Amino acid sequence: MTARIANVTFHAADPAALARFWAAVMGYPEPEWLTPEEEAELRAAGLTDDDLAARAVAWDEDPSHQRFYFTRYQHEKRQRNRMHIDITPSADRHATREEVEAEAARLVGLGATVEQVLDGSWGPYPEFAIMMRDPEGNEFCLQ
């Protein structure tokens, strides 16, 4: 047996809004966190609207695609992420600079911000990536 990543989890002030952002980034459908049956069970167990709003998911239910999970966290982010995700606009090859720049423009339109453009080399290999932040300030790289 080997492990696999079950979720990429984000702490968020507004889990539903951040789930909508990441669903749009990844091309997933509009997030639906709970089925009506699940919501009814949770409400019957005493959960409130606020409790239900404290979590959200962005996923297309394809087991080969990554599931993003969002949970309410109301403390200020004070330092840089120790881990972040890298995304690419190309599924089957290294994206071109033009593809990365076009995707960056799309993500900015969704609410992301550009932190820094990394344009250099690692030895003889060219490297181009754009460090970005989602609407709540979580860092990620587009490459």
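Miscellaneous remarks
- Using a Förster distance of 41 Å, the FRET efficiency for Tyr125-Glu38 (Cβ separation, nearest 0.05): 0.30
- Only helical runs count toward this figure. For the chain, summing -39,500 (n - 2.57) over DSSP H runs of n ≥ 4 and dividing by all residues gives -8000 deg cm²/dmol at 222 nm.
- Alpha-carbon centroids, segment 17-37 and segment 97-143: separation in whole Å: 23
- Working from Cα pairs under 8 Å separated by at least six residues, relative contact order for segment 1-75 is 48 percent.
- Relative contact order (%) - criterion: Cα under 8 Å, at least six apart; region: the chain: 24
- Considering all C-alpha pairs of the chain, those separated by over 24 Å amount to 39%.
- Semi-axes of the equivalent ellipsoid for segment 1-75, Cα gyration tensor, largest first, Å: 21, 15, 13
- Computed from backbone phi, the HN-Hα couplings of segment 47-54 come to 6, 9, 4, 5, 4, 5, 6, 7 Hz, rounded to whole numbers (Karplus: 6.51 cos²θ - 1.76 cosθ + 1.60, θ = phi - 60°; Gly and Pro given as x).
- Only Lys, Arg (+1) and Asp, Glu (-1) charged, at Cβ; segment 1-107 dipole about Cα centre in debye: 700
- Loop-located GluC sites (Glu not before Pro) across segment 47-112 with a Cβ neighbour count of 15 or fewer within 10 Å are Glu61, Glu76, with loop assigned by DSSP.
- Take every DSSP beta bridge whose two residues both sit in the chain; close to 70 percent of them are antiparallel.
- D_trans [Stokes-Einstein, Kirkwood Rh over alpha-carbon pairs] for segment 78-142, 25 °C, 0.890 mPa s, µm² s⁻¹: 196
Every number in this text was worked out from the coordinates using simple rules, so none of it is lab data. Just so it is clear, the structure is predicted and the values come from calculations on it, not from any experiment. Ideal geometry is used to build each Cβ from the backbone, glycine not excepted, and the neighbour counts take in all protein chains shown.
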